[in-house]
1. Would you mind pulling out the separation of the Cα centroids of the stretch 26-63 and the stretch 76-113, in Å?
2. Normalised by the empirical 2.2 N^0.38 Å for globular proteins, what value does the Cα Rg of the stretch 23-90 take?
3. Are there trypsin sites (Lys or Arg not before Pro) in the stretch 73-146 that DSSP puts in a loop and that have at most 15 other Cβ atoms within 10 Å, and which ones?
4. Enumerate the amide H contacts of GLY39 below 5 Å, restricted to partners 5 or more residues apart or on another chain; note that Pro and chain-start residues carry no placed amide H.
5. With unit charges on the beta carbon (Lys/Arg positive, Asp/Glu negative), name the residue among ALA124, PHE93, PRO78 whose Cα is farthest towards the positive pole of the charge dipole of the stretch 31-144.
6. If you take the alpha carbon radius of gyration of the stretch 31-144 and divide it by 2.2 N^0.38 Å, what ratio comes out, to two decimals?
7. Which value, in debye to the nearest 20, gives the size of the charge dipole of the stretch 31-144 about its Cα centre, when Lys and Arg are +1 and Asp and Glu are -1 at the Cβ?
8. So which chymotrypsin sites (Phe, Trp or Tyr not before Pro) in the stretch 28-118 pass both tests, a DSSP loop state and at most 12 other Cβ atoms within 10 Å of the Cβ?
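A short reminder: the numbers here are calculations on the coordinates, not readings from a lab. These numbers were taken from a predicted model, which means no experiment stands behind them. Cβ placement follows ideal geometry from the backbone for every residue including glycine, while neighbour counts extend to all protein chains displayed.
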Amino acid sequence: MKTIKKKLVIFLSIITLQVCFNSASADEKLYTVSGFVTGCSSKHSIHVILYDEISFKDMTAIEESIYEPTGSEECKVPFTLNTPKGSYTIAAFEDENNNKKLDFFFFIPKEPSGFFRTFSGMSAPKFEKLKFDVDGDFVGANVELQ
């Protein structure tokens, strides 16, 4: 009998924690981050990637959207991402060989790519120099591919 009561208490505790966690995450407001990707060819898919500090270090996107080319001469791809309040950076690249990843030659991108914030120098980009803060809707997070 004690075992059944223990299992019931554990089960109810888990359900209570899940309900609390789900309601807390459901209350978190999402903000819209939007902009344009330019400098592309209009021939290949454009990947727009959102990173926070942890995912940037691991190079694992917290959100990735893929936009197909329009076929027009000018490449100006609009994008919209939804994210909670926080610090982020946005990267984009044109997938010229359609393998769904940015290809590198050593540490240099082989495909057109860029960030919302620009950086200079020969070193790897740093999150601190590329980040921007989201605490409301953010318009104008434009990325120019190079």
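1. Centre-to-centre (Cα) distance: 7 Å.
2. 1.29
3. Within the stretch 73-146, the qualifying trypsin sites (Lys or Arg not before Pro) (loop, at most 15 other Cβ atoms within 10 Å) are LYS85, LYS100, LYS101, LYS110, ARG117, LYS126.
4. Those lying under 5 Å, H to H, from GLY39 are CYS75, LEU145.
5. So the residue we want is ALA124.
6. Rounded to two decimals, the normalised Rg is 1.02.
7. It works out to roughly 260 debye.
8. Of the chymotrypsin sites (Phe, Trp or Tyr not before Pro), the ones in loops of the stretch 28-118 whose Cβ has at most 12 other Cβ atoms within 10 Å are PHE106, PHE107.
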